[in-house]
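Below you'll find the structure, written out as structure tokens, and then a few comments.
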Amino acid sequence: MAEFLVEMVLEQFASITRQQAEEGIRLIAGADQEVQRLQSNFGSIQALLDDAENRQVKENAVRDWLAKLKDVSYDIDDVLDEWNTKLQKLKIKKAEAAFNPLKKVCFFILHYLGCRPLVMRYDIGVKIKDLDRKLNIIAAEKERFTFRSIAKGNADIQRPTTTSVVDLTKVYGREDDKNRIVDLLLSQSSCTQDLYIISIVGMGGIGKTTLIKSVFNDNKVSTHFEIKIWVCISEPFDELRIAKAILESLTNSAPNLHELETVVQNIRQLLDRKKFLLILDDVWTEDPKNWENLKSSLTCGSPKSRILVTTRKKEVANVIGTTKIILLGTLPEDKCWLLFSQIAFSGETIEESNELVEIGRKLVQKCKGLPLAVKTLASLLYYKKTFDEWQNILDSEIWEIERVEQEVFRPLLLSYCDLPCT
């Protein structure tokens, strides 16, 4: 939340500054230095927020610091809204003056006498100076926490590679979704586009990959398609790497090729008029140019071929020319409980686990229907056998963290519990 607020404030600053420059309007003469310092302080804080939000789980002082930052961010956003509103009104008056000679003379007389800017200097400039003073204190306080700057493209933070292997006996609550996807894959319906693409869209940790693994390994699907290919995309989107992965799957050997054109031509030859199923798991890119060469290499197959994509973003599904979008919802609570109990109570009878059942159900509710959260939590609780240990986790402030995406849920729980996970 703090990261979103800071980013929003910086965007507001940039927009207003640009509009003022374009219109030649200056509303808060005398507060330029404070505005620059506010932007500078927000910029320096922004790079540290990932570390701060992770550490607030266990450090009360960091959580208090973030709370103060949020309060000031809200106040600054309110002032920027006021500033922007007055800027828009002044732009309208300026436009009206351009068509009325008398209004034009009055406008410029007031402008050069400084009457209107003086009013706004008092309204907005004073508020900005006060908020600059508050943010300056917060920015200085960050030094005592020695936050680490975590770059968005940090090479140490990599998304896990997925494979098609799955234990079908441990897939819960997705029977209807699976049947719907299988029906689409096996259907004889034609597509007005060159490729029939089905996109599974849903938030991180909701079970998209597990679902398509069960589809990929379904007997009817395996019988229907001549060729099945699984490729994990993730970030960054590398056309050559993806094309070589497809070619490797088709030939069962790693291609010693370095030109995308050569790889694409090989794929076209191997897929020519074949009925294939291609899985593209964990797609992020929203740039349509990234898809051009890859898609052209796949259009040579049978019209009954299918491409199945998973992504968190509906925008991605639209960019790649999806034929059918399936929005994946959260897992029903009873299915979450089955998944949780199988892992957390593994090797125990229900009688042995009886005193933990009620609190276990409360913990499952906290997972908000996210299978990954359920599995991660259950794996950790497997090593905790007492009621008090489970109660401590239920009472933990970890549940106040607003991000429960799969990249952060696991490390947050691990840092709290400090126990190994299966």
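Read-outs: derived from the displayed coordinates by stated rules, not from any lab. None of the values given here were measured: they were computed from a predicted structure. Neighbour counts are summed over all protein chains in view; Cβ atoms, including those assigned to glycine, are modelled from backbone coordinates with ideal geometry.
So the values come out like this:
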| read-out | value |
| --- | --- |
| For the range 307-320, Karplus couplings with θ = phi - 60° (6.51, -1.76, 1.60), whole Hz, Gly/Pro x | 10, 10, 10, 10, 7, 8, 10, 5, 4, 4, 4, 5, 4, 7 |
| ASP71-ASP334 FRET efficiency (beta carbon distance; Förster radius 51 Å; 0.05 resolution) | 0.80 |
| Long-range HN-HN contacts of TRP230 with modeled amide H, under 5 Å | ILE279 |
| The range 168-327 - Debye-derived log10 I(q)/I(0), Cα point model, q = 0.11, 0.15 Å⁻¹ | -0.41, -0.78 |
| Fraction of alpha-carbon pairs over 25 Å apart in the range 267-389 - percent | 49 |
| Label-to-label distance, nm, for residues given as ASP130 and LYS58 (7 Å Cα→Cβ offset) | 4.0 |
| Computed log₁₀ I(q)/I(0) - Debye formula, equal Cα scatterers, no solvent, the range 350-390, q 0.23, 0.27, 0.32 Å⁻¹ | -0.77, -1.00, -1.20 |
| Estimated vicinal HN-Hα couplings, Hz - the range 43-50 in sequence order (Karplus 6.51, -1.76, 1.60; Gly, Pro = x) | x, 5, 6, 4, 5, 9, 5, 4 |
| Pair GLN46, ASP395: separation of 7 Å Cα→Cβ label points (nm) | 4.1 |
